[in-house]
Amino acid sequence: MTSYSGAGNIETGRTDINSNASSRRISLAGKTVMWQTTGQPKLVDLLQRAEQLGSFSHAYLLVGPPHIGKMTLALDMAMSLNCQSEKAIHPCISCTSCKKIASGKHPDVQVVELGQNGEDEDSKEKKLIGIDQIDNMLHSAYLATFEGKQRCYIINEASNLSSVAANRLLKILEDPPARVTFILLTANIGLIPVTIVSRCQKLVLQRMKTAEIEALLREKRAIEPPRAKLLARLSRGCPGWAFETAQNDQFLEGRQESFEKMLALVKSGFSERFPAATQLASQYSKKRETVYATLESWVDWWRDILLVKTGCHADIVNIDFLAHFTEMARGLTLFQIKETILKIGQASQQLKINANSRLVLEALMLNIARPQVLKTSVPGLEVLNA
């Protein structure tokens, strides 16, 4: 375990930024509140009022896609409950308690997640949050707080709970100890047992508008406009992803390389496509998530080609590849583009139900459309198919 009451549903607000460096001031009844969460004033207002009135729930379920800021909101909640400021509005961000929570060193605020026992990356993907982790958490839940006002347990990606761990957690949610708040985070509420969901107050974090993320990247990180615009579109409304990727040149470099490989594959004949399928199948046997990510990026690119074909240029995500998409769209029919998107999606689903990876990927290679004419200026790739 790493240091860091009533059920209901709240689906409000817009989103927040998963970044300790970005904070905003929120006006509440004429007073000022400091939260790291950005973009969800209604949600923050509701939680702040609950803290003021002493009506904070014993359990919350924060729902939203990865990198949207669930952990940031959870830590804000923990800070609000444990803030030592004498002011009526919490958190203050500057007291000892707030600083310890922000740095992950507060003894009464703990995060439960995968990989806390030194497992390597592969084992993290295969294992679940086990009953031992939940038992350790529950043991301390009945003890007096070390120095805070409220114990807070944050269960990151609660969908990873094993069935026995989920059942053990359910028992304490049914009869929670005093001065304890459980905050569960998940990207997929469908994987959380209904019995647990019903005992939590659900807070849904919605995606942020692209223009808002772009503005934040420029203002908070001083990212140049073209790069900020691209990252904002690629983020799919998740500002945490945009902020992390803005500091990582390797992502965009790898994306460029992946796009070049996809273009080479599209222009190639069947004799070249089958070895590519074999290579992907081999990769799938070692690390499945990499292949899923590849197929997902293919869907994104072909969706942009579809948008170009239908004249919706302003809506494409991968704006830096617009010239290539335009050239490809000229040599493809609308039906070919739609069928390719459909086949890539079907291949991904078939892999997830454990179909033979090589057969699935070979069939996919047969179904990826080949433009009648494709001439592109991607570095090192000049082709013409007639």
**Request:** Write out, first by first residue and then by second, each pair whose Cβ atoms fall under 8 Å of each other, whose residues are 6+ apart or on separate chains, and whose first residue, in the range 327-351, is within 26 Å of residue 291 (Cβ to Cβ) while the second is part of a loop (DSSP other than H, G, I, E, B) and polar (S, T, N, Q).
**Result:** 328/376; 332/372
**Item:** Single residue of 321, 251 found to be open to solvent by less than 40 Å² (accessible area, probe 1.4 Å), of a type in the set (Phe, Trp, Tyr) and outside any loop (DSSP other than H, G, I, E, B)
**Value:** 321
**Complete:** Restricting the range 279-318 to residues that are buried (at least 18 other Cβ atoms within 10 Å of the Cβ) and among the aromatic types (Phe, Trp, Tyr), the one nearest to residue 358 (Cα to Cα) turns out to be 284
**Message:** Looking at the range 88-109 only, could you name the residues that are under 17 Å from residue 47 (Cα atoms) and assigned to a loop (DSSP other than H, G, I, E, B)?
**Reply:** 88, 89, 90, 91, 92, 93
**Message:** Test of understanding: among 62, 75, 138, which residue is part of a helix (DSSP H, G or I), open to solvent by less than 40 Å² (accessible area, probe 1.4 Å) and at pLDDT 90 or above?
**Reply:** 75
**Request:** Look at residue 226 and say whether it is surrounded by fewer than 18 Cβ atoms within 10 Å (Cβ to Cβ), part of a loop (DSSP other than H, G, I, E, B) and at pLDDT below 95.
**Result:** no
**Prompt:** Which of the residues that make up the range 129-156 are more than 14 Å from residue 110 (Cα to Cα) and within 21 Å of the chain's Cα centre (by Cα)?
**Reply:** 129
**Request:** Spot the failing condition for residue 41; the list is (1) surrounded by 20 or more Cβ atoms within 10 Å (Cβ to Cβ); (2) at pLDDT below 80, and only one is missed.
**Result:** (1)
**Prompt:** Which condition does residue 278 not pass, out of (1) of a type in the set (S, T, N, Q); (2) at pLDDT 95 or above; (3) over 27 Å from the mean Cα position of the chain (by Cα), if it passes all the others?
**Reply:** (2)
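The values are calculated or read from the model by the stated rules, or taken from the named source; none is laboratory data. Everything numeric here is computed off the predicted structure, so don't read it as measured data. Reconstructed Cβ throughout: ideal geometry from the backbone, glycine too, with neighbour counts over all protein chains shown. When the accessible area is computed, the model is the full protein with side chains, heavy atoms only, and any ligands, DNA or RNA have been set aside. Shrake-Rupley method; radii C 1.70, N 1.55, O 1.52, S 1.80 Å.
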